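The values are calculated or read from the model by the stated rules, or taken from the named source; none is laboratory data. These numbers come from a predicted model, not from an experiment. We place every Cβ from the backbone using ideal geometry, glycine too, and count neighbours over all the protein chains shown. Note: accessible area is taken over every heavy atom of the protein model, side chains too, but ligands, DNA and RNA are not part of it. Shrake-Rupley method; radii C 1.70, N 1.55, O 1.52, S 1.80 Å.
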Amino acid sequence: MQFGIFTVGDVTPDPTTGRTPTEHERIKNTIAIAQRAEEVGLDVFATGQHHNPPFVPSAPTTTLAYIAARTERIILSTSTTLITTTDPVRIAEDYATLQHLSDGRMDLMMGRGNTGPVYPWFGKDIRDGIPLAIENYALLHRLWREEVVDWEGKYRTPLQGFTATPRPLDGVPPFVWHGSIRSPEIAEQAAYYGDGFFANHIFWPESHTAQMVQLYRRRFEHYGHGTADQAIVGLGGQAFIRKNSQDAVAEFRPYFDNAPAYGHGPSLEEFTDQTPLTVGSPQQVIEKTLAFRDYAGDYQRQLFLMDHAGLPLTTVLEQLDLLGEEVVPVLRREFAALRPAHVPDAPTHRSLVDAR
């Protein structure tokens, strides 16, 4: 099982000081966070893709390539690659290049994003979001597997005798996760291709996540990729950790109350009760995360959001230290002890090459 972090790259004022980092600081801090994630033994670092303020990760392959040059082991991924508004030819070539530069230690997560105005900026209509995701990924899937592609669809110009370059490393395309918060069509898409399904359930109760994951598992088995419990599942989560739970709550409350995503809405106590957010001690994070298995089954990847809402870099690095030193080692051991032998490990480039 893989453990890691993901960032949405928000540039948010620190509510305790009023200071807002510059875009330069936020981008450079993202690199420092990824490097610390590797240092503390995490498996994955993932970044989103956004094209609007207050977010800075508009060029995830550039950022991930830079991180690849400064790390040795950690898997680099996206927490959203906008399959709807990014041309699939561009995705095929950019991420194959990243695959070569990182020696295969990368994958990516397809998503539709959460910002409606992005669609017209790239010449698309938000009402076509699901059809765009389906058609664009169907083309991307072929571009990585066929040397010469003839293709015609509804949402881009046709291709005739087209070859995407570079070709995937070792002839094996990057592993793809399909991320969704609420769309059963995306769970169906992931199951159809036998890809991974990532339920980014940071805003939703466990009943909703359970429904989405169970749908994906059933359809994965329906399409003949394996049994339902062998489907490749990832989950999102959020945590703020201090040795003492009261200290964690007191320190995180102003960040929660003013966060762009959920500030000025439910109370911190309501949100932690109804969603995967955990604010407390390492043991509390361990217990709540282990409980995800009760409704998602044995799964392969767990990513935490830890650098948002204006938290300063020093605090984020302290969070990573606690996550890597006190939380993840226990989670690895406990999840491994519970997982049946026939449930697969999280895919890596090496495992995909070996299975070819």
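Points worth noting:
- Output for the range 170-186, where each listed residue is of a type outside the set (S, T, N, Q), over 17 Å from His141 (Cβ atoms) and crowded, with 17+ Cβ neighbours inside 10 Å: Ile181
- Top-ranked residue of the range 46-55 - restricted to ones that are in contact with a helix residue (DSSP H, G or I) (Cβ under 6 Å, 6 or more places away or on another chain) and buried (at least 23 other Cβ atoms within 10 Å of the Cβ), ranked as farthest from Met110 (Cα to Cα): Thr47
- Test: residue in the range 56-74 that is free of Cβ contacts under 8 Å to residues at least 12 places away in the same chain, under 16 Å from the mean Cα position of the chain (by Cα), closer than 30 Å to Met1 by Cα and surrounded by fewer than 22 Cβ atoms within 10 Å (Cβ to Cβ): yes
- Any hit, the range 36-45, residues being open to solvent by 20 Å² or more (accessible area, probe 1.4 Å), at negative phi, touching a strand residue (DSSP E or B) at 6+ places or on another chain (Cβ under 7 Å) and of a type outside the set (Gly, Ala, Ser): yes
- Verdict on Ser79 being under 20 Å from Ala261 (Cβ atoms), open to solvent by 50 Å² or more (accessible area, probe 1.4 Å) and among the small types (Gly, Ala, Ser): no
- Test: residue in the range 142-152 that is assigned to a loop (DSSP other than H, G, I, E, B), among the aliphatic types (A, V, I, L, M) and surrounded by fewer than 16 Cβ atoms within 10 Å (Cβ to Cβ): yes
- Options Ala164, Ala191: the member that is in contact (Cβ under 8 Å) with a residue 12 or more places away in the chain, of a type in the set (Gly, Ala, Ser) and more than 21 Å from Ser79 (Cα to Cα): Ala164
- Looking only at the range 104-137, and only at residues there that are of a type in the set (D, E, K, R) and under 20 Å from the mean Cα position of the chain (by Cα), the one that is modelled with the lowest pLDDT: Arg112
- Top-ranked residue in the range 328-355 [being basic (Lys, Arg) and part of a helix (DSSP H, G or I); ranked as farthest from Gly194 (Cα to Cα)]: Arg333
- For the range 260-305, the set of residues classified as in contact with a Gly (Cβ under 7 Å, 6 or more places away or on another chain), part of a helix (DSSP H, G or I) and under 21 Å from Asp14 (Cβ atoms) is empty.
- Residues that are open to solvent by less than 10 Å² (accessible area, probe 1.4 Å), modelled with pLDDT of 95 or more and over 12 Å from Phe3 (Cα atoms), drawn from the range 308-356: Val316, Gln319, Val343
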